[in-house]
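The values are calculated or read from the model by the stated rules, or taken from the named source; none is laboratory data. Because the structure is a prediction, the values reported are computed rather than measured. Cβ atoms come from the backbone with ideal geometry, glycine included; neighbour counts cover every protein chain shown. Please note that ligands, DNA and RNA were not included when accessible areas were found on the heavy atoms of the full protein model with its side chains. Shrake-Rupley method; radii C 1.70, N 1.55, O 1.52, S 1.80 Å.
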Amino acid sequence: MEAAERARPAAVALEGVGRSYPRRGGGPVAALEGLSLQVGDGEVVGVVGPSGCGKTTLLELVCGLQAPDAGRVEARPAVLMPQRDGLLPWLGALDNAALALRVTGAGREEARAAARPLFATFGLEGFEAARPGALSAGMRQRVAFLRTLLAGKPVLCLDEPFGALDALTRAGMQAWLAEALAREARTVLVVTHDVEEALVLADRVAILSPRPGRVVAELDVDSPHPRRRTDPALGALRERALEALGEAVGT
Amino acid sequence: MSGPRRALPALALVLALLAAWELYARTGGVDALVLPAPTAIAIALWNDRALLWANFLVTAIEVAGGLAVGLALGGVLGVALHLSGVLRGALYPVLVASQAIPIVIVAPLVVVWFGFGLAPKLAIIALVCFFPVVVTTLDGLRAVDRDLLKVMRTLDAPRGAVLRFVELPAALPAALSGARIAVAVAVIGAVFAEYAGSSEGLGFLMGQAVPRLETPRAWAAVVVLAAFSVTLFTALGALERRLTPDPRARTP
């Protein structure tokens, strides 16, 4: 793999990582086994794999929420954006985003002042006071993403960020996120089961095998942003990605 | 809101029960000294209104104070049991067991410890009503979404911040449900406390009236207590709705 030769220093490095969970009435279930993956500083890496292949485990390892049973996980400070938005229903959108600063000691007004400009930048102006229940699913994900950004960590771990959205909203949100990531220059690890989503967003796509998950292929995506799902260059990569996934699944 | 309309079924039920009761008492089903007719109770309510009011004020202060102590104790214990697994393992069974002790057994002890003033009443009421608050608060705190807690960890939120910003607000509706149960039993606690030793209050009044065969007066005191209970319960429900507003709304 040429990926390891990248000049950028690694923000996330996983080496032969294994993680298994105890199972009731049986032996342990291996979620990940022998997984190695490097993410360069400022790189956006998409992780694609069949459901149940340990993608969420991978992100929790990177975020330091779990420790590996085997191998090595090294990562700069990372923040998690969970699959469901994880917003607090009793707070307005602005306060939800600003929560990232409040929990580490910032005052209410200070945190709001830091979050407010982002609402304008990321198309949420006018929704500052709306509670999550009054926002569309897409809007909630945007607020959750802003909270993730405001945490100020170098690494963002996005777990199926648009998994709960309908196809149309999803396409719009992918374009929005691609633009946001271009503006923010963070290291991003985005987990998805949607190959096209990964190709639209990421600089590189890692394909995971079914459980126990390990990286079976890595594809560089060189097309310039903004990308469209219908981009012919992506089409070829999509074929390769699906082929790798198919081989991994064993069909 | 159609408050009056919603109250109709309750009103109809109460009237039906009263009618049945009146009929039962009048047809001589049981001695009037044991169970007076509702009309006799109503007459006692009117005739003894000054006496009932004066004693009601005493009991109301005891209930309010005892509830405040009980709710605070219950809330603090709920949070403490949530924060410490060791404490939960050690104290939770003891608390459950403590609820099996009839208050009449411990009431004299409380009087020995706290004397005959307001303090023993507060202690007994608090003892009677703190437990539901512990249980519902603890359950509310433990039911917080695991994913949300993971996010808080990656946001580097200290334990205190997680409690303040996430767990406590999330557990508030559950804690208030416990508080409503507490309100309903606090009044009974007050009666027990006054029975155990006092010279005023509605519980004391009942204790005096029953042996003197002034049953309508005792029942009138019960009516006042019941009305007080319903009022507190309703007020707490209103508070709960205020504190846990519609999540679809906008922040003020």
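Just to be sure, is A:G105 within 27 Å of A:D203 (Cα to Cα), surrounded by fewer than 17 Cβ atoms within 10 Å (Cβ to Cβ) and either small (G, A, S) or more than 9 Å from chain B (Cβ to nearest Cβ) (or both)? Here the answer is no, as A:G105 does not meet what is asked. Considering (1) within 14 Å of chain B (Cβ to nearest Cβ); (2) more than 21 Å from A:A217 (Cβ to Cβ); (3) of a type in the set (V, I, T), the lone condition that A:T57 does not fulfil carries the number (2).
Here's the yes/no breakdown for (1) over 30 Å from A:F127 (Cβ atoms); (2) polar (S, T, N, Q); (3) crowded, with 17+ Cβ neighbours inside 10 Å:
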site: A:G26; (1), (2), (3): yes, no, no
site: A:V29; (1), (2), (3): yes, no, no
site: A:C63; (1), (2), (3): no, no, yes
site: A:A67; (1), (2), (3): yes, no, no
site: A:G71; (1), (2), (3): yes, no, yes
site: A:P77; (1), (2), (3): no, no, no
site: A:W90; (1), (2), (3): no, no, yes
site: A:L101; (1), (2), (3): no, no, yes
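Does region B:179-202 include one or more residues that are within 17 Å of B:A37 (Cα to Cα), open to solvent by 60 Å² or more (accessible area, probe 1.4 Å) and at pLDDT below 90? No, region B:179-202 contains no residue that is within 17 Å of B:A37 (Cα to Cα), open to solvent by 60 Å² or more (accessible area, probe 1.4 Å) and at pLDDT below 90. For A:L91, the conditions (1) assigned by TED's automatic domain parsing to the domain that holds A:A244; (2) closer than 21 Å to B:L163 by Cα; (3) not β-branched (V, I, T) are fulfilled apart from (1). Out of all the residues in region B:226-240, is one or more within 14 Å of chain A (Cβ to nearest Cβ) and either open to solvent by less than 70 Å² (accessible area, probe 1.4 Å) or modelled with pLDDT of 90 or more (or both)? Yes: one or more hits.
Yes/no matrix, rows are residues, columns are (1) open to solvent by 60 Å² or more (accessible area, probe 1.4 Å); (2) over 18 Å from the mean Cα position of the chain (by Cα); (3) of a type in the set (A, V, I, L, M):
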position: B:P9; (1), (2), (3): yes, yes, no
position: B:L13; (1), (2), (3): yes, yes, yes
position: B:Y24; (1), (2), (3): yes, yes, no
position: B:G28; (1), (2), (3): no, yes, no
position: B:A32; (1), (2), (3): yes, yes, yes
position: B:L45; (1), (2), (3): no, yes, yes
position: B:V76; (1), (2), (3): yes, no, yes
position: B:G89; (1), (2), (3): no, yes, no
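Note on region A:57-113: residues that are among the hydroxyl-bearing types (S, T, Y) and free of Cβ contacts under 8 Å to residues at least 12 places away in the same chain amount to 1. If the condition is being within 14 Å of chain A (Cβ to nearest Cβ), surrounded by fewer than 21 Cβ atoms within 10 Å (Cβ to Cβ) and part of a helix (DSSP H, G or I), then region B:127-153 contributes B:R146, B:D147, B:L148, B:L149, B:K150, B:R153. Applying the criterion of at least 1 residues that are in contact with a strand residue (DSSP E or B) (Cβ under 7 Å, 6 or more places away or on another chain) and among the acidic types (D, E) to the strands (runs of 3 or more DSSP E) found wholly in region A:44-83 leaves A:70-75. Taking region B:61-74 as the range and being surrounded by 14 or more Cβ atoms within 10 Å (Cβ to Cβ) and either among the hydroxyl-bearing types (S, T, Y) or under 24 Å from B:R159 (Cβ atoms) (or both) as the test, the residues that pass are B:L71, B:L73, B:G74. The residue of region B:91-119 that is surrounded by the fewest Cβ atoms within 10 Å (Cβ to Cβ), among those that are at pLDDT 85 or above and in a loop (DSSP other than H, G, I, E, B), is B:A100. Taking the numbered list (1) in contact with a Pro (Cβ under 9 Å, 6 or more places away or on another chain); (2) touching a residue at least 12 places away in the same chain (Cβ under 8 Å); (3) not in a helix (DSSP H, G or I) in turn, B:D156 passes all entries but (2). A count restricted to region A:60-90 and to residues that are within 10 Å of chain B (Cβ to nearest Cβ), more than 30 Å from B:E240 (Cα to Cα) and more than 12 Å from the chain's Cα centre (by Cα) stands at 4.
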